[in-house]
Every structure is written in structure tokens, then in C-alpha cells.
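What follows is a short report on a single structure.
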Amino acid sequence: MKHLIRVALCLAAWLLAGSMAWADASTLPVATLNAHKILSDSRVAKEAQARFRADFEPRDKEIQDLAASLRDKSADLEKNGPSLTPSHILEKQSAIAELSRELKRKQQQFVEDRDARKRDDIQHVFDIANQAVKKFAATAHVDIVFQDVVYANPQTDITPQVIAIMDSDTFK
């Protein structure tokens, strides 16, 4: 039994010594990548965000204006309703109901279009990032790149180098 414990301790010490020899991050063919930084700091992502805003801000403004019009018409009906004829009240209620349906339809279409576009833009940025990672890994002799790990030695983080490759004019 004592012999078995001694062998186990020797084996553990040997494994620990071996793992410490590999602990130097500069010798490991492993790297990490921060996807959030890619999406926030790269020129490709910033350009995609600018195009996204330019494409969707006018529609958002249109929906906000439509919602304001609906609020105004509802407030007007509530304020002036007692002085209106029943047929005029019915006309206004019908117009408000139609405007409400149009607003809901436009909001739903806007959300669907916005979410689909956001997914497409993120996928495009990551496609370019993956090409940049492959280029960096080939030149730096990195065998494995982990994305969004819980913890990594800062020496293994290649995010700044990947962003630099993505942002270079020669890379596309």
C-alpha cells in the first residue's frame, strides 16, 4: 500500500513538472481570441455597424412617427369624444384601429429584418475574422485557437494581431 502511494506521488510530481514545462505560453502552439473585441474594435465591424444604422434608422424613425400619430389620434378621440356624433366616433375608432394594425405590422417586419441583418453582419465579420485567424496561425505556427475562453494567459491572446490583419488594406 505504501509503495502504491509512493508511486502515485511520484507520478503526480512527474506530471506536474511536465505540465509546468509546457506552461510557458510562448512555447505552446495555442492561442485565444476575444470575439467581443473583434465585434467592437475591428474596422470591418465598425463599418458594418455604420451601414446597419444608416439602413435602419429611417425605418425606426418612421415607426416612431407612426406611434406618435397613433397616440395623438387616441388622445384627440378621448378629449373630443363626448362632443362628437356616434358615427364620427366610430370613424375615428376605425382609423385608430387601422393605424394600430399598421404600426404592429411595421414593427414586426422591422424587428424581423433588423435581426436577420444583424445575424448576417455578424456572420460576415466572423468570416473575415476566421480568414485573418488562419493567416495569423499559419505565419505564427499556431496549432489551435480557442475563442471566448473563461480564462487565458494574456500572452496567448491574438485578438489585437487578428484585428490588425482584418483592418489592413491588403487583407480582404
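The values are calculated or read from the model by the stated rules, or taken from the named source; none is laboratory data. Because the structure is a prediction, the values reported are computed rather than measured. Using ideal geometry, Cβ is built from the backbone for each residue, glycine included, and neighbour counts are taken over all protein chains shown.
Could you check, for the range 113-124, whether at least one of its residues is under 16 Å from residue 38 (Cα atoms), acidic (Asp, Glu) and surrounded by 13 or more Cβ atoms within 10 Å (Cβ to Cβ)? Scanning the range 113-124, I find at least one residue that is under 16 Å from residue 38 (Cα atoms), acidic (Asp, Glu) and surrounded by 13 or more Cβ atoms within 10 Å (Cβ to Cβ), so the answer is yes.
Entry remark, the range 142-172: residues being touching a residue at least 60 places away in the same chain (Cβ under 8 Å) and either part of a loop (DSSP other than H, G, I, E, B) or among the β-branched types (Val, Ile, Thr) (or both) number 13 in total. Evaluating residue 69 against the criteria (1) surrounded by 15 or more Cβ atoms within 10 Å (Cβ to Cβ); (2) more than 21 Å from residue 38 (Cα to Cα) leaves one unmet condition, (1). The residue list 125, 149 contains one member that is over 19 Å from residue 59 (Cα atoms), in contact with a Leu (Cβ under 8 Å, 6 or more places away or on another chain) and of a type outside the set (Phe, Trp, Tyr), which is 125.
Any idea which of (1) within 30 Å of residue 144 (Cβ to Cβ); (2) modelled with pLDDT under 85 is the one residue 45 doesn't satisfy? The single condition residue 45 does not satisfy is (2). Within the range 143-157, being closer than 15 Å to residue 126 by Cα and more than 19 Å from the chain's Cα centre (by Cα) holds for one residue alone: 145. Flag: residue 163 matches the condition of being under 19 Å from residue 36 (Cβ atoms), surrounded by 15 or more Cβ atoms within 10 Å (Cβ to Cβ) and in contact with a helix residue (DSSP H, G or I) (Cβ under 7 Å, 6 or more places away or on another chain).
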